[in-house]
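Worksheet for the structure shown next.
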Amino acid sequence: MNNPTGMVALVMAAGKGTRMGSARPKVLHEISGEPLLGFVLSTLGKLRKLGWIDRVIVIVGHGAEQVRNYLHHNWPWAEYVEQMPQLGTGHAVHAAAKALEGFGGTVFILSGDVPLLRVELLQELAEVHRTADAQLTLLTVNNPTPDGYGRILRGLDGKLSGIVEQRDANSSQRAISEINAGIYLAQWPVLQEALGMLGTANDQGEYYLTDAIAHLVRAGQRVATLETNDIAATAGINTRTELVAASAEWRQRVCAYWLNRQVTIEDPASTFIGPRVEIGPDTILEPAVQLHGCTCIGAGCRIGSYTRLVDALIGNEVLIRASDIVESQIGDGTTVGPFARLRDHVVVGEKARIGNFVELKKVQFGDGAKAAHLTYLGDAQIGELANIGCGVVTCNYDGERKHRTIIGPGAFIGTNNTLVAPLEIGQEAYTAAGSTITENVPAKALALGRARQIIKEGWVMRRKNRLTTSRPSEV
Ligand code: UD1
Ligand code: CA
């Protein structure tokens, strides 16, 4: 189906989430490392790619700074408007009025707390909206356990007449199992007018978006509905119990998706894969792996148990054992771990080796280079085929500023070296084991930076004699 008109998506994400009982804004609570809001944006991102949506506007309010920060770092195309104070869902949508000035098209309205929505469901909703030529279309769910949701009221003719929130509903209304998913498509000018007519005569004293729908019906506007049985896809998260249930549902879904795309997941129950992750064919995920953020893994990799990858770019045929890799890149054929930690824009080349208990921070690590054990490299550039001995430490911080260490291609850094930055070690240079290197080392040179060893022959016997001839008080 083609995009009928320009569409703008509004995501309501300003509420406090009182039922969560949390200092953190509700939409930033996570499933598989991704905030609830990120799930909604990843779905909208797909519609955006298909050309269906021109703009995405997130309505922020409670914890606005944290939500804005998250948007800024992860969804640069998302705009935001502030709703201050937060006076209900109708008030939230109204907060976008200025950003939508002069807009005559369709708005998609979603909640930041409904994470498992499927793109297909939104496409179906848009199809209904278009074919019914409706002013507003909403998604309803046939839910035998409708607790907490707004109930759909229909007249004898079966037509929608309004929506009543659970707390405002009488007992016969509460028995209704058709609920409001909180997902709408509307012609903006018509909806905006209805928003202007909202009052706060309800149990919460809020401006309810749902009341605007009743206004439209009364005014004789065409309001259409799409009813679905997909309870999981439309579940709103209000409590931690619901969060955990949605998380289990998501894990099952995302693992099924990747299992069908040539990825082996040895234990789906303990595997956490976020909605933005990509995984190549014939990659194996061992039990208890977490893949978060914009992580992308190539083909033929093995990701070992207890590995966490956040915003990591992993090439093909990479082996990672029990390691933590954040905002970093690993080239083809490289092995990492066990117990390696890579963070802050580390770029490791191809066929390299990062061994056990190695920490890398802001490092370019060349093709075929090795740091096999117990090493910290920070703010460094390591040339290809260089060998970093066991226990090497870059001293990159002088208490005020960070300094760089540059190690040339093919250099050999001896065991237990202390490299005091700023420092440059030339191509194919050697440094002796146990050295403290404070000055640059030219290419192909050997640097020794340690105290010369002294031998004292017969020292043990001389000491013994001294101790036995002295008086006890002098010992
Ligand atoms: C809402 C619907 C209900 C529906 C349910 C589906 C209303 C009045 N009720 O209820 O019919 O069954 O969703 O999940 O719309 N928000 C703001 N600003 C506010 C208040 C809320 O941005 O002032 C945001 C929240 O952050 C949340 C979304 O709107 O993402 C929904 O708010 P919430 O309080 O969770 O509404 P429900 O009670 O679940
Ligand atoms: Ca909700």
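For the chain, the antiparallel share of DSSP beta bridges with both residues in that region comes to about 15%. Taken one residue at a time, the phi angles of the stretch 70-86 give Karplus couplings (6.51, -1.76, 1.60, θ = phi - 60°) of 4, 4, 4, 7, 10, 9, x, 7, 7, 8, 9, 10, 9, 10, 9, x, 9 Hz. Gly and Pro are set to x.
Assign unit charges at the C-beta atoms only (+1 for Lys and Arg, -1 for Asp and Glu), then state the dipole size of the chain relative to its Cα centre in Debye, rounded to the nearest 20. If you can, show how the numbers build up before the last one.
On the way: 46 positive and 48 negative charges, 405 e Å.
Dipole size: approximately 1940 debye.
Any chance you could run the full-extension gain for Ala99 through Gln166? It's 0.36 nm times the residue separation minus the Cα-Cα distance, nm to one decimal. It would help to have the intermediate numbers written out before the result.
Values: separation 67, 0.36 × 67 = 24.12 nm, distance 3.18 nm.
Length gained between Ala99 and Gln166: 20.9 nm.
Gain in length, Gln123 to Leu50, computed as 0.36 nm per residue apart minus the alpha-carbon separation, to one decimal in nm? Write out the running numbers ahead of the final one.
Numbers: separation 73, 0.36 × 73 = 26.28 nm, distance 1.08 nm.
Between Gln123 and Leu50, full extension yields 25.2 nm more.
Over the chain, calculate the relative contact order: mean separation of alpha carbon pairs under 8 Å at least 6 apart, over the residue count, as a percent. Each step should come with its number before you reach the end.
Working: 1205 pairs, mean separation 38.9, N = 475.
Relative contact order for the chain comes out at 8 percent.
Put a plus charge on the Cβ of each Lys and Arg, a minus charge on the Cβ of each Asp and Glu, and nothing anywhere else: the dipole of the stretch 340-438 about its Cα centre is then about 260 debye. Accessible area per residue for the chain, computed on protein heavy atoms with a 1.4 Å probe, is 47 Å². Using 15 Å as the cut-off for backbone N distance, which residues of the stretch 274-302 belong to the label zone defined by a point 7 Å from the Cα of Arg261 along Cα→Cβ? It comes to 274-285, 291-301, nothing else. Ordering of 254-263, 219-228 by packing is 219-228, 254-263, highest average first (other Cβ atoms within 10 Å, averaged per residue). Based on the alpha-carbon gyration tensor of the stretch 10-114 and its eigenvalue square roots a ≥ b ≥ c, which shape applies: rounded if a/c is under 1.5, prolate if not and a/b is larger than b/c, or oblate? Judged from the Cα gyration tensor, the stretch 10-114 comes out oblate (a/c at least 1.5, b/c at or above a/b). Each 10 Å bin, from zero up to the one with the longest distance, holds this percent of the alpha carbon pairs of the stretch 153-213: 19, 50, 30, 2. When you filter the chymotrypsin sites (Phe, Trp or Tyr not before Pro) in the stretch 66-96 for DSSP loop state and at most 16 other Cβ atoms inside 10 Å of their Cβ, you are left with Trp77.
Under Stokes-Einstein, with the Kirkwood radius over Cα pairs standing in for Rh, what whole-number D in µm²/s applies to the chain at 25 °C and 0.890 mPa s?
Details: Rh = 26.1 Å.
For these conditions, the coefficient is 94 µm²/s.
Divided by 2.2 N^0.38 Å, where N counts the residues, the Cα radius of gyration of the stretch 181-270 comes to 1.61.
Quick one: grab the alpha carbon gyration tensor of the stretch 320-364, order the square roots of its eigenvalues as a ≥ b ≥ c, and give me rounded if a/c is under 1.5, else prolate or oblate depending on whether a/b is larger than b/c.
Working: a/c = 1.68, a/b = 1.03, b/c = 1.63.
Taking the square roots of the gyration eigenvalues as a ≥ b ≥ c, the stretch 320-364 is oblate.
Ordered from longest to shortest, the equivalent ellipsoid semi-axes for the stretch 199-334 are 43, 16, 14 Å, each the square root of 5 times a Cα gyration tensor eigenvalue. If you plug the beta carbon distance of Arg450 and His73 into 1/(1 + (r/R0)^6) with R0 = 35 Å, you get a FRET efficiency near 0.20. Note on Phe339 and Arg401: their simple-model spin labels are 3.6 nm apart, each label 7 Å out from Cα toward Cβ.
Annotation for Arg463 and Ala201: the two label points, set 7 Å from Cα along the Cα-Cβ direction, are 9.6 nm apart. State the answer as a single residue: which of Ile303, Leu10, Gly280 lies farthest towards the positive end of the charge dipole of the chain, with beta carbon charges of +1 for Lys and Arg and -1 for Asp and Glu, about the Cα centre. About the Cα centre, the residue reaching furthest to the positive side is Ile303. What the phi angles of the stretch 405-411 give under the Karplus curve with 6.51, -1.76 and 1.60, with θ = phi - 60°, is a coupling list of 10, 10, 10, x, x, x, 5 Hz, glycine and proline written as x. Neighbours of Tyr208, meaning other residues whose beta-carbon lies under 12 angstrom from its beta-carbon, give a summed charge of -4 when Lys and Arg score +1 and Asp and Glu score -1.
By DSSP, the beta bridges lying fully in the stretch 1-103 are antiparallel in about 15 percent of cases.
Note: relative contact order over the stretch 341-380, using C-alpha pairs below 8 Å and six or more positions apart, is 42 percent. With a 1.4 Å probe and all protein chains left in place, how much of the accessible area of the chain comes from carbon and sulfur atoms, in whole percent? Ligands and nucleic acids excluded, carbon and sulfur give 50 percent. With a simple spin-label model that places each label point 7 Å from the Cα along the Cα-to-Cβ direction, the separation between Thr145 and Asp282 comes to 4.4 nm. Loop-located GluC sites (Glu not before Pro) across the stretch 92-184 with a Cβ neighbour count of 13 or fewer within 10 Å are Glu101, with loop assigned by DSSP.
Only lysines eight or more places from Lys444 in sequence, or on another chain, were considered; those with a Cα closer than 23 Å are Lys370.
The values are calculated or read from the model by the stated rules, or taken from the named source; none is laboratory data. Source: prediction; values computed, not measured. Here Cβ is always computed from backbone atoms with ideal geometry, including for glycine, and neighbour counts include all displayed protein chains. To get the accessible areas, we keep the full protein, side chains included, count just its heavy atoms, and leave off ligands, DNA and RNA. Shrake-Rupley method; radii C 1.70, N 1.55, O 1.52, S 1.80 Å.
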